[in-house]
Amino acid sequence: MRFVEVEGKSKRDAIEKAARELGVPVEEIGIEILSDSGRGFFGFVGGKKVKVRAWSKRESREKLLDEVMETEEPPRIEQEAEVSPDPAPSASAARQASDEPGEATEKAEQAREVLQGLVGWLSEQATVEIKEETSERILLEIHGDKTGLLIGKRGQTLDALQFLANKMVNRSRDSAKRIEVDMEQYRKRREQSLRSMAVRLGQKVKKKRKPITIEAMNAHDRRIVHLTLKNDRALETKSVGKGEMRKLVIHPVGGGRSKRHEGSGAAT
Amino acid sequence: MAESVRELVEYLAKVLVDHPEEVRVTEVEGENTSVLELRVAKDDMGKIIGKQGRTAIAIRTILNNAAAKVRRRCVLEIIE
């Protein structure tokens, strides 16, 4: 296994540099923190110099995922990059997967073909399957090689594929059905890592009694953070700014200094 | 890769616009970089660019990935 050691302004910065050096997407590297100022949190929020050792875990992760599928025992990875998702499908995901596929409509088949056409340009082997269809959405799943490439950095490629598939299929409003694109449970894993990040940041906000701003998230990611912290009375979440510059701020609520709910609340 | 990145852009554009017959894509090849010039009908510009440029960004993301496969860089220019 090849290791690189890099230093960055923040943990994320260091991780991104390492990924570039290794030539693999950020999701595909494992990291070990060698030195950390102790102030940075996920690189989203300040911090000083961070030194990390990184390696590609492309193969090991794929193996791990296979095991997850077979045993449904969520294994733990000792150290993961912040963006790397937790490979532990929840019970509901397992239930969803075992749901009957149901009759695929013409629309779903059309969506599958459109996505297959797009994916074909990126990988010869990848195939698209209709995973689920309800009255308002069609869930498509990509199978095959080039997982890292097809998912992309922070799901960028997957999001682009999903966005374009929606545009191409839902040309007329009346018969529109939301199309969701997933690969190797990436969405679920991303949601879990966002939730745990939200809970951890929420605890930090309560402890320090200072708001924390999270940048570089899309609407869907922000929504997950909002929903995760919604039931925590000691916290308030807001999105500020416009377009690409939109940020999410977690505020502490209530001045009662004696009323500290450290580590409590925060919906799971 | 059988199809070229030029064909990818043409395919995407033709599905997204109202006037596919007016879609033109020309490729200007450089040493490592290709510039793809996409021309569409005037009323289709919005469809290609999208709200906040989201469609254009999505097209570029897919394009860059497809180009990386053949070890090239691609720049997409959208021209009215």
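The values are calculated or read from the model by the stated rules, or taken from the named source; none is laboratory data. It should be emphasised that the depicted structure is a prediction, and the values quoted were computed from it without experimental measurement. Cβ placement follows ideal geometry from the backbone for every residue including glycine, while neighbour counts extend to all protein chains displayed.
Of the listed requirements (1) within 20 Å of the chain's Cα centre (by Cα); (2) free of Cβ contacts under 8 Å to residues at least 12 places away in the same chain; (3) outside the structural domain of A:Trp121 (by TED's automatic domain parsing), A:Gln156 misses just one: (3). Among the residues of the stretch A:167-182, those that are under 12 Å from A:Lys107 (Cα atoms), in contact with a strand residue (DSSP E or B) (Cβ under 8 Å, 6 or more places away or on another chain) and more than 10 Å from every other protein chain (Cβ to nearest Cβ) comprise A:Asn170, A:Lys177, A:Arg178, A:Ile179. For the criterion of being at pLDDT below 90, within 12 Å of another protein chain (Cβ to nearest Cβ) and not in a helix (DSSP H, G or I), A:Glu100 fails. Would you check if A:Gly265 is loosely packed, with under 15 Cβ neighbours inside 10 Å and at pLDDT below 85? No; evaluated as a whole, the condition is false for this residue. One residue stands out among those in the stretch A:116-153 that are part of a helix (DSSP H, G or I) and without any contact (Cβ under 8 Å) to a residue 40 or more places away in the chain: the one that is surrounded by the most Cβ atoms within 10 Å (Cβ to Cβ), which is A:Leu150. Report yes if some residue within the stretch B:48-59 is within 14 Å of another protein chain (Cβ to nearest Cβ), free of Cβ contacts under 8 Å to residues at least 60 places away in the same chain and more than 28 Å from A:Arg246 (Cβ to Cβ); otherwise report no. No, the conditions are met nowhere in the stretch B:48-59.
Residues satisfying the criterion are present in the stretch A:207-214 (criterion: modelled with pLDDT under 90 and closer than 24 Å to A:Asp159 by Cα). Return the total of residues in the stretch B:60-80 being within 18 Å of A:Leu122 (Cβ to Cβ) and more than 8 Å from chain A (Cβ to nearest Cβ). Adding up the residues that qualify gives 10.
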